Amino acid sequence: MLILTCPCCGVTGEETEFHAGGEAHLTRHGPGSSDDDFENYLFLRENPRGVHFERWRHVNGCGKWFHAARDTATLEVFGTYSAQTTEPPQDIIDAITAKRPGWSWREFK
Amino acid sequence: MSETSALNGRVAEGATTVRDAGLQGMITLRGNLASTKLKAICKEITGQAMPKAGQAHLDGDTGLAWMSPDELLLLVPHGQVAEVIARIDAALAGQHYLAVNVSDARALIAVEGSGAREVIARLCPVDMAPEAFGPGDFRRTRMAQIPAAFWMEQDGSLRVICFRSVAEYAFGLLSNAATSPAVGCL
Ligand SMILES: [Zn+2]
């Protein structure tokens, strides 16, 4: 079972109290962008076995969106953090590095 | 405003009793919870200080519950809601806020008796051990298939808030869970 701690209200709950919101840190490419960027934004997603970054919403709780860094194979959560950022904060990166040396995900490592 | 509660006074008696807690005035207040004016009007209306995350400051049918970083639930007597909203509007004029009467969108159910913790624990993914949840604690969560919120009174009984449209379902869940003998772990 996936256990998440909402950084907005501090509640630690199991995953049915939350709703998954897909891959984190996407750049939205709209009108005027190249076909490649638009295709990438709309359709192409990471599907890692291991470290992954996602958006979650505390739907049966405070209602807020946040980010989570977790391992897709073990369900270990490295940390959760604010939705108001375009990249994982350093403490989250450090926490992952401590447990999964050599990890990488998109441009992050 | 509705003249009758969704459950119309229903009671399921037992070692743990589940009963309709009747009409309760509820106001959703969204805004900056750190605002001095907002804190002052909440205190003036309920006599309570701003609760921390996961807390409710309540006395009978009046008080404040923390819903999210920018949302409070004000509980006031059912007949006073319109007047209270007018006072909030006057106090917060010019600020970014929202005060809405949600009394008729909700139902309030009381769970009373020694098995109250277990009844909630059977239905919600929440640690109901006394060291994890006690009087004054407030939690929004999932109860079986619906969203719900609850708090614990000083006497250890629980009050559950759900949407009015699912009050029947919620009462059925709670009263059914209350009929099972206590496991005794909580
Ligand atoms: Zn939350």
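Just to be sure I understand the interface: list residues from region B:138-184 that lose 30 Å² or more of accessible area between the chain on its own and the complete protein assembly, 1.4 Å probe.
With the partner chains in place, region B:138-184 has these residues losing at least 30 Å²: B:Arg139, B:Arg140, B:Arg142.
Setting aside same-chain residues fewer than 8 positions from B:Lys43, which lysines have a Cα under 25 Å from its Cα?
Of all the lysines, those that pass the test against B:Lys43 - Cα under 25 Å, at least 8 places apart if same chain - are B:Lys52.
Give a quick list of GluC sites (Glu not before Pro) in region B:4-92 that DSSP marks as loop, anything other than H, G, I, E or B, with at most 15 other Cβ atoms within 10 Å.
The qualifying sites are B:Glu13.
At 4 °C and 1.567 mPa s, what whole-number value in µm²/s does Stokes-Einstein give for the translational diffusion of the protein assembly as shown, with Rh from the Kirkwood sum over Cα pairs?
61 µm²/s
Find the centroid of the Cα atoms in region B:94-123 and in region B:1-70, then give the distance between the two in whole Å.
If you average the Cα positions of each part, the centres end up 7 Å apart.
Whole-Hz Karplus ³J(HN,Hα) for region A:4-17, in order, using 6.51 cos²θ - 1.76 cosθ + 1.60 and θ = phi - 60°, x for Gly and Pro?
10, 10, 6, x, 7, 10, x, 6, 9, x, 8, 5, 6, 7
Counting only C-alpha contacts under 8 Å and six or more residues apart, can you give the relative contact order of region A:54-101 as a whole percent?
On the way: 54 pairs, mean separation 12.0, N = 48.
Across region A:54-101, relative contact order equals 25 percent.
Run through all the Cα pairs of region B:103-186 and give the fraction in each 5 Å bin from 0, expressed as whole percent.
3, 16, 29, 27, 17, 6, 1, 0
Measuring from the lowest to the highest alpha carbon on each principal axis, how far does region B:25-104 reach, largest first, in angstroms?
Here the spans come out as 27, 27, 21 Å, largest first.
For chain A, just say rounded, prolate or oblate: build the C-alpha gyration tensor, square-root its eigenvalues into a ≥ b ≥ c, call rounded for a/c under 1.5, and beyond that prolate if a/b exceeds b/c, oblate if not.
oblate
Which percent of the accessible heavy-atom area of region B:25-104 goes to carbon and sulfur, probe 1.4 angstrom?
Numbers: 1840 of 3520 Å².
Result for region B:25-104: 52 percent of the exposed heavy-atom area is carbon or sulfur.
If each residue of separation counts as 0.36 nm, what is the full-extension length gain between B:Asp59 and B:Ile146 once their alpha-carbon separation is subtracted?
28.6 nm
May I ask you to list the trypsin sites (Lys or Arg not before Pro) in region A:11-66 that are in a DSSP loop and have at most 16 other Cβ atoms within 10 Å of their Cβ?
A:Arg28, A:Arg45, A:Arg49
Using the heavy atoms of the protein chains alone and a 1.4 angstrom probe, what is the accessible area of region B:45-186 per residue in square angstrom?
About 42 Å² of surface per residue is accessible.
Using only the Cα atoms of region B:35-176, build the gyration tensor, take square roots of its eigenvalues as a ≥ b ≥ c, and label the shape rounded, prolate or oblate: rounded if a/c is under 1.5, else prolate if a/b is larger than b/c, else oblate.
prolate
What quantity of accessible surface, computed with a 1.4 Å probe and excluding non-protein components, is buried in total between chains A and B, in Å² to the nearest 100?
900 Å²
Explain nothing, just the number: relative contact order of chain B, from Cα pairs under 8 Å at least 6 residues apart, as a whole percent.
Values: 381 pairs, mean separation 46.3, N = 186.
With pairs under 8 Å counted, the relative contact order is 25 percent.
Where in region B:68-82 does accessible area fall by at least 10 Å² between the isolated chain and the complete protein assembly, at a 1.4 Å probe radius?
The answer is B:Ser68, B:Pro69, B:Asp70 - residues whose exposure falls by at least 10 Å² when every protein chain is included.
On a straight-distance basis, which lysines could pair with A:Lys99 in a cross-link, Cα separation under 29 angstrom, same-chain partners fewer than 8 positions away excluded?
Excluding near neighbours in sequence, the set is A:Lys64, A:Lys109.
Restricting attention to region A:11-109, which chymotrypsin sites (Phe, Trp or Tyr not before Pro) occupy a DSSP loop and are surrounded by at most 14 other Cβ atoms within 10 Å?
none
The values are calculated or read from the model by the stated rules, or taken from the named source; none is laboratory data. Quick caveat, the model's predicted, so the values are computed rather than measured. Backbone-built Cβ (ideal geometry, glycine too); neighbour counts: all protein chains shown. The area values use the complete protein model at the heavy-atom level, side chains included, leaving out ligands, DNA and RNA. Shrake-Rupley method; radii C 1.70, N 1.55, O 1.52, S 1.80 Å.
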